[in-house]
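The values are calculated or read from the model by the stated rules, or taken from the named source; none is laboratory data. Bear in mind that the values here come from a model prediction, so they are computed numbers and not experimental data. Backbone-built Cβ (ideal geometry, glycine too); neighbour counts: all protein chains shown. Just so you know, the surface numbers come from the protein's heavy atoms only, side chains and all, with ligands and any DNA or RNA stripped out. Shrake-Rupley method; radii C 1.70, N 1.55, O 1.52, S 1.80 Å.
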Amino acid sequence: QVQLVESGGGLVQPGGPLRLSCAASGFTLAAYAIAWFPRSPGKEHEGVSCISSRASTTYYTDSVKGRFTISRDNAKNTVYLQMNNLKPEDTAVYHCARYFHSGWGCYGVPDRQEYESWGQGTQVTVSS
């Protein structure tokens, strides 16, 4: 079955780094754009970053630009989100999802209505 599994979250102090992983099974991740959606109270599934299927396009919201980097390793069927200089407001459960059409996606702000096959998420907590 098509499945995405997030990992890499944890508890870190402000300013610290984390690297999140989104591992795919049941399909070839390289064929799909992938987005990351933090879920927190009142702000569920609003995308902060995405990467196109051929990694020619990436997107970051202003709140994470310059701090987060999205990348993919097609050989490992995995997309990563490197999170640096973390802030308390980054605290959320981070989900990854694939664009609903292969070969397309990541044209701007990730819209949850255009993504599918959500993972269960990984908790990121930033606190001193």
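I'd like to verify a number: residues in segment 69-85 that are of a type in the set (A, V, I, L, M, F, W, C) and surrounded by fewer than 22 Cβ atoms within 10 Å (Cβ to Cβ), how many? Steps first, please.
Taking segment 69-85 and keeping what is of a type in the set (A, V, I, L, M, F, W, C), we get 70, 75, 79, 81, 83.
From what's left, surrounded by fewer than 22 Cβ atoms within 10 Å (Cβ to Cβ): 75.
Counting residues in segment 69-85 that are of a type in the set (A, V, I, L, M, F, W, C) and surrounded by fewer than 22 Cβ atoms within 10 Å (Cβ to Cβ) gives 1.
Taking residues in segment 48-63 that are over 15 Å from Phe37 (Cα atoms) and open to solvent by 20 Å² or more (accessible area, probe 1.4 Å), and partners anywhere that are not in a loop (DSSP other than H, G, I, E, B) and not aliphatic (A, V, I, L, M), the pairs with Cβ atoms closer than 6 Å and at least 6 places apart or on different chains are Ala55/Arg72.
Restricting the search to segment 95-113, which residues are without any contact (Cβ under 8 Å) to a residue 60 or more places away in the chain and open to solvent by 70 Å² or more (accessible area, probe 1.4 Å)?
Initially, segment 95-113 is screened for residues without any contact (Cβ under 8 Å) to a residue 60 or more places away in the chain, giving 100-101, 107-108, 113.
Within segment 95-113, Phe100, His101, Tyr107, Gln113 qualify.
Only one entry of Ala24, Ala92, Ala30 meets the criterion of being touching a Pro at 6+ places or on another chain (Cβ under 7 Å) and open to solvent by less than 50 Å² (accessible area, probe 1.4 Å), and that entry is Ala92.
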